[in-house]
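Report on the following structure.
The values are calculated or read from the model by the stated rules, or taken from the named source; none is laboratory data. Treat the numbers as computed from the prediction; the structure is a model and nothing was measured. Reconstructed Cβ throughout: ideal geometry from the backbone, glycine too, with neighbour counts over all protein chains shown. All accessible areas refer to the heavy atoms of the entire protein, side chains included, with ligands and DNA or RNA removed. Shrake-Rupley method; radii C 1.70, N 1.55, O 1.52, S 1.80 Å.
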Amino acid sequence: MAETSVPTPRRAPRARDLKAMPGFKTIGWACIFALYMPLAVLIIFSFNDNRSVVKWTEFSLRWYEAALENDGIRNAAWVSVKVAAVATIFSTIAATMAALATTRTAAFRGQGLAYGIINQPLMIPEIVTAISTLSLFSLVKQATGVTGIGYLMAAHTAFCIPFAFMPIRARLEDMTLTLEQAGADLYATPWQSFRYITLPLLMPGILAGAMLAFVVSLDDVIITLMVAGPGETTLPIFILGALRRGITPEINAVSTVLVAVSVILVIALFLVQGRMKK
Amino acid sequence: MSSRPAHADHQAQDRRNTISARSLVKTFGHGETRVTALDNIDVDIRENEFFTLLGPSGCGKTTLLRLIAGFELPTGGTIELEGKDITALPPHLRPVNTVFQNYALFPHMTVAENVGFGLKMLGKPSGDIDARVKKMLSLVQLEAMANRRTDQLSGGQQQRVALARALAPAPKVLLLDEPLAALDLKLRKNMQLELKSLQHETGITFVFVTHDQEEALTMSDRIAVMRDGAILQIGSPKDIYDRPTHRFVADFIGDINIFEGTVESTEGNQAKVRLRDGETVLARMPEAGTSAGSCALAVRPESLRIAGPGEAAALEGTLENVVYMGAAHNLHLRLGSGEELVVRHGGSTEGIDLSPGAQLGVVIAPGGARVLA
């Protein structure tokens, strides 16, 4: 009989943790570098006193002042916020209703299809959506003679729906039906059940959906470029126009403010959801 | 036990029915995947009683409960509540409340808000709600927890909140879906007694679902034993335990020895049954049906004891195994027919040969052996 004793381990046993794999840290840092280095460059040079965006001279807030005083930027920012706010409200309402209809009803034929139809716009190239929206709106404008910012808001509402839908549906699927049944058992009408049980519990999902919709609307370029009429320039469109004349630290400053807005939104959502969970 | 006046049973019979289900059928799915969860059930649940639906998982007991609550609609048949047809009524219009298996407490509300929810939905003034919530919380001894969030409570406390919440609107019927299953043994024993006394205090009809026969025997006024979507027997715990009419019921409730045999002769309600190893045993016949021929004979282990020296033994077997149970010994004997016999021998085993292979005589207590219908 050959030797059957258990070989003594040379090293102390280690938990099989992904973090313990060789190169884990290196790859992790490389990813973070790739994701955030461009942003860091943008933010740093927005505080550069020099006109150059590649050569650092001195810290200054002059480009923020300049951006603040620039009427074009101020108007564009106002248009962006208006459009994003309207699009967020309506797309979140529509997405909430769609999510309820695909999770809180008895299974129906074509349920999977409905789900697919709601999400499909995410898979269609945005340029196609933009051109088709433009064609449709041209037809409507010709037929009715109505113009205005409403078209831009409608377009943004439409493409924000699938973004708002995803987190709301995910949250609904996590919530057991038992709580709503308990509500009905305790004399809540379907409406009361929604108002006092489903809606409060769904709120973190709705907020996440609304935030996603707001950010997506805020930085949309392609569809806005096609649909926006004169005087309806949003911030990204304004930045794009300004870039034709070269990158200026002023643009860096505006972009930094946009980054700050989304960071603040994420932190706010994080705090709200944390408090709701407790 | 037999000191109970004879007319008590009559009074119980005369009590009004709270729930009456007639020809209740529930199937799920279509075509080949169609499953019958309830197969033509008739049941009357009386006012003020602690009624238990007992059976193995998949027997349809929870489905029956959900039909009474209104979470599912029956495929056929009717349900009446105090004589009113509620078959098609949605859950929020039924004066019936449920304690869910996983409690289903609202996580975004405090304990007091949970308990007051039903009354708030009924549109009661907030002063009345507050008073009632306070009363309910004191009933389940959770006054101090009123403003806690439900996830700050232990399992037993959550259980009691669920109970208080379901009792607060003073429903006609309280449905309990295996509410004790998630609790540890000691807590479960305490809650069994608490539930029973709560039922007494509130005078509400309780319909309790469980698969735990001991729990059912401890708490119930009456038990319905279910299998495969049908009710096999309804009766008091004593009825079910002492007079099972169905082989499955006898087997499911408590420990029991069941033998094949043939009825040789009958005299009144006594029958002479010949077992497969040739011995004859006197057994009580079921009330209904006294047909001769092959039958099943049932004897509880505690109705058996080892015969003393010189005592006439009804059965004889070879000792195979002795299991110490604390208060008693379970002696596993092999009969001449090859069938196993379990004898629960209380008291001393002194003077009894407990070595494996010992030949032991067994005495059946009077009335201990029954012929199953």
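Tabulated data for the structure shown
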quantity: Candidate set: region A:234-254, residues that are surrounded by fewer than 19 Cβ atoms within 10 Å (Cβ to Cβ) and not basic (Lys, Arg); chosen: the one nearest to residue A:273 (Cα to Cα); calculated: A:237
quantity: Which numbered condition residue A:124 misses (of (1) of a type in the set (A, V, I, L, M); (2) over 23 Å from the mean Cα position of the chain (by Cα); (3) not in a helix (DSSP H, G or I)); calculated: (2)
quantity: Among (1) within 30 Å of residue B:70 (Cβ to Cβ); (2) in contact (Cβ under 8 Å) with a residue 12 or more places away in the chain - the single one residue A:190 does not satisfy; calculated: (2)
quantity: Complete set of residues in region B:325-339 that are among the hydrophobic types (A, V, I, L, M, F, W, C) and surrounded by 16 or more Cβ atoms within 10 Å (Cβ to Cβ); calculated: B:328, B:331, B:333, B:335
quantity: Neighbours by Cβ (under 6 Å, 6+ apart or cross-chain): first from region B:220-235, farther than 19 Å from residue B:66 by Cβ; second of a type in the set (Gly, Ala, Ser) and open to solvent by less than 30 Å² (accessible area, probe 1.4 Å); calculated: B:223/B:216; B:234/B:224
quantity: Within region A:152-187, considering residues that are of a type in the set (Asp, Glu) and touching a residue at least 40 places away in the same chain (Cβ under 8 Å), the one nearest to residue A:270 (Cα to Cα); calculated: A:173
quantity: Only listed residue being open to solvent by 40 Å² or more (accessible area, probe 1.4 Å), over 22 Å from residue A:263 (Cβ atoms), away from chain B (no Cβ under 14 Å) and not in a loop (DSSP other than H, G, I, E, B), chosen from A:225, A:199; calculated: A:225
quantity: Number of the exception - residue A:55 against (1) open to solvent by 70 Å² or more (accessible area, probe 1.4 Å); (2) in contact with a helix residue (DSSP H, G or I) (Cβ under 8 Å, 6 or more places away or on another chain); calculated: (2)
quantity: Residue among A:139, A:177 that is open to solvent by 60 Å² or more (accessible area, probe 1.4 Å) and within 10 Å of another protein chain (Cβ to nearest Cβ); calculated: A:177
quantity: Total residues in region B:93-140, condition of a type in the set (Ser, Thr, Tyr) and closer than 30 Å to residue B:79 by Cα; calculated: 2
quantity: Subset of region B:85-123 [facing chain A (nearest Cβ under 7 Å), part of a loop (DSSP other than H, G, I, E, B) and open to solvent by less than 40 Å² (accessible area, probe 1.4 Å)]; calculated: B:100, B:104, B:106
quantity: Among the candidates A:148, A:183, A:116, residue that is small (Gly, Ala, Ser) and not in a helix (DSSP H, G or I); calculated: A:148
quantity: Where a residue in region B:59-71 is farther than 14 Å from residue B:21 by Cα and its partner, wherever it lies, is in a helix (DSSP H, G or I), with Cβ under 9 Å and at least six apart; calculated: B:71/A:181; B:71/A:184; B:71/A:185; B:71/B:65; B:71/B:91
quantity: Any hit, region B:43-50, residues being away from chain A (no Cβ under 14 Å), closer than 20 Å to residue B:233 by Cβ and either of a type in the set (Phe, Trp, Tyr) or assigned to a helix (DSSP H, G or I) (or both); calculated: yes
quantity: Search result, residues across region B:58-76 that are among the β-branched types (Val, Ile, Thr) and open to solvent by less than 10 Å² (accessible area, probe 1.4 Å); calculated: B:68
quantity: Region B:249-269: number of residues that are surrounded by fewer than 19 Cβ atoms within 10 Å (Cβ to Cβ), within 30 Å of residue B:220 (Cα to Cα) and either under 21 Å from the mean Cα position of the chain (by Cα) or modelled with pLDDT of 85 or more (or both); calculated: 4
quantity: Those residues of region B:124-153 which are under 15 Å from residue B:170 (Cα atoms), free of Cβ contacts under 8 Å to residues at least 60 places away in the same chain and either within 14 Å of chain A (Cβ to nearest Cβ) or of a type in the set (A, V, I, L, M, F, W, C) (or both), in sequence order; calculated: B:124, B:129, B:131, B:132, B:133, B:136, B:137, B:140
quantity: Search result, residues across region A:12-52 that are loosely packed, with under 13 Cβ neighbours inside 10 Å and in contact with a Phe, Trp or Tyr (Cβ under 6 Å, 6 or more places away or on another chain); calculated: none
quantity: Search result, residues across region B:170-188 that are surrounded by fewer than 23 Cβ atoms within 10 Å (Cβ to Cβ), within 12 Å of chain A (Cβ to nearest Cβ) and touching a Leu at 6+ places or on another chain (Cβ under 9 Å); calculated: B:173, B:177
quantity: So residue B:79, is it within 14 Å of chain A (Cβ to nearest Cβ), touching a residue at least 24 places away in the same chain (Cβ under 8 Å) and either out of contact with any Gly (no Cβ under 8 Å at 6 or more places or on another chain) or open to solvent by 30 Å² or more (accessible area, probe 1.4 Å) (or both); calculated: no
